[in-house]
Every structure is written in C-alpha cells, then in structure tokens.
Amino acid sequence: MSLDEAAREAIGNLISGHEVTLFMKGTRQQPQCGFSNTVIQILDSLVTDYQTVDVLADQKLREDIKTYSSWPTIPQLYVGGEFIGGCDIIQELFQNGELAEALGVELPEPGTLAIEISDRAAEQLRAANEQQGGPGRALHLSIDARFQANLFLGPVDGNELVVEANGIELRLDRMSASRAAGLSMDVVDTPQGPGFKIENPNAPQARIGQLSVQGLKALIDTGERFELMDVRTIAERETAHIEGSTLMDDAEASRLEALPKDTRIVFHCHHGPRSQQAAEHFAALGFTNVHNVVGGIDAWSNEIDPSVPKY
C-alpha cells in the first residue's frame, strides 16, 4: 500500500518537529496498551522531553504510520528523524545501552553507581546466595517504575550492570540502574522476622517537599513566582479555594509538563493525600522543586484564613 504525498509530508512534519517522537496508543499520561506503556516507562527513565502522538485519535494516521515506516505494529519510536523500532527492539536497545546512546544519555557505569549495603544486609545476602545460588545464577536488584525494589536470585544476563558493595555483587538492568544511585540497604526486625529495608533517594516521595500552610503563606507573601495547583474537583473548588491557586485539569497538567524541570510547583487538595500523589507524579517526570501542602485547604482554613469555607 502506497502513501500519498500529503500524508507522507504530514507525518514527516510531526517527526521533524521534535528530537524524540513516539507514535503510540494513548498518551504519555494514559497509555492504552501494554506495549506503549512499556516504551513510555523506558523513555521516562532516560529523558524528560519527548513528543507522543496518539494513533487511537486518528485511524488514518494509525494505518499511515505503518506504511511510512514499513513497520506493522504500534508503538513506533523516532529519534533525530530516524526510525528506531517497536517495543521489542526498544527494549533490546535499552538493555544493551544503545538507546541511551541514541538519546544522548549517559548511563551509570559500575564504578560510578554507588549503593550502600550494611554489614547485616551483606551477611543475609551472602547466606541466601550460598544456599540458593549456583552456576549461572546471581543476586539481582530491580527497581520498577514506582520505585519498588525487588531482590532475587536469577540467571546472569550479560547486559546488566554489576555493582559491588560491601563484598556483595548485585546485578541491575539498565532501567533499574538509572533509578538506583545512592540507594542504601539494611536489615530490620519485623514481627515476621528479619526483613530488608531499602531506602532510595530517587523515589518520587523522597524528592517532595512537605510545606506547611504557614510556609505556603510565607511563600505567597514574598511575591515570588511559583505554580500553586489545586487538585480537587470542580465542585470542591466552587465551595472553597485558596486565592492565587489554579485548578489542575488535563490542559493545566500538559502546561505544567512543558515547564522547566526546576519550576517550583506546590500542590494542594482537601487534606493532603491527593496532592501528595500529584506531587509524586511530577517528581517522577523529573521535576526537582515539587511540594505538597500538609493538611490541604482544610488546614489553610483553620490556621491561615478562616474566611475560606470548611466542608
């Protein structure tokens, strides 16, 4: 099937308009298939700035891009105007480091990836390796997109990074390694017995400032420019709001994501949990100056401005 010149030009303009373009099902915030979600997770772990095109929103484009690239499936990734491949190829290139190279990202090497393992944790890991290890098997550490860590014994993969800490060798896939710098591991006593405690300074919640309502008032009084985002519902905002705040909807979320990653963003909700989740989302996107208002607008009404209605 051939592609008419107008369609070819339109796709070419989409690709040339950004250094990294992903044709996918759904959006970066809401992938609509597992393959698209996998590629989003990979790209998010490497870069913060890339363009996505939702082929589900345009059935003609969905078919045209397959003809354009001579590739039968979605998602499809382009870097610097060049077609990279689909999900399987992207995963392979990510694991062997070639995707990071194409994106101009420097991945950590074993000698520069610092992980701390306490004496007690090292003793436990050494015992587990002696009991359950064997030829072709090693200790692995994986860290998923939610920064949940998983320690396990498994087959050796030649593409993994090998990190030594306190006499223990750990193997990490490239994605996990990009999330692991500064991680520390210890053993703590629990009602069920000893368990591993892993603290990761890269986890979104570890990078979020907790701002009191007094701190928010002081920040507002300075006159400094910052983003104050209200993540409650429209109905809640109609009941009560903090002067100067902005209700976050899809359009506002997209606007925020396009801002410089050091932009100061403060989130608030009714009591704090929803704004914490929003803050964690933006921290995971690479924003470095993200804050959650402790106690939310309820605390603001109680401690700062009683004229703001409580509900």
Looking at residue 138, is it part of a helix (DSSP H, G or I), at pLDDT below 95 and of a type in the set (Gly, Ala, Ser)? no
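Please work out if residue 237 is more than 25 Å from residue 310 (Cβ to Cβ) and in the same structural domain as residue 277 (by TED's automatic domain parsing).
no
Being surrounded by 11 or more Cβ atoms within 10 Å (Cβ to Cβ) and assigned to a helix (DSSP H, G or I) is the filter here; which residues of segment 207-240 pass it?
207, 213, 214, 215, 216, 217, 218, 219, 220, 236, 237, 239
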Checklist (1) surrounded by fewer than 19 Cβ atoms within 10 Å (Cβ to Cβ); (2) modelled with pLDDT of 90 or more; (3) of a type outside the set (Phe, Trp, Tyr) applied to residue 155, failing item: (2)
So, of the residues in segment 158-175 that are among the hydrophobic types (A, V, I, L, M, F, W, C) and over 18 Å from residue 187 (Cα atoms), which turns out to be surrounded by the fewest Cβ atoms within 10 Å (Cβ to Cβ)? 162
Evaluate the following for residue 78: is it surrounded by fewer than 20 Cβ atoms within 10 Å (Cβ to Cβ), in the same structural domain as residue 14 (by TED's automatic domain parsing) and either under 28 Å from residue 281 (Cα atoms) or within 18 Å of the chain's Cα centre (by Cα) (or both)? no
Out of everything in segment 241-270 that is in contact with a strand residue (DSSP E or B) (Cβ under 6 Å, 6 or more places away or on another chain) and in contact (Cβ under 8 Å) with a residue 40 or more places away in the chain, what residue ends up being surrounded by the most Cβ atoms within 10 Å (Cβ to Cβ)? 268
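The values are calculated or read from the model by the stated rules, or taken from the named source; none is laboratory data. Values in this document were obtained by computation on a predicted structure and should not be read as measured data. No Cβ is skipped: glycine too gets one built from the backbone with ideal geometry, and neighbour counts run over all protein chains shown.
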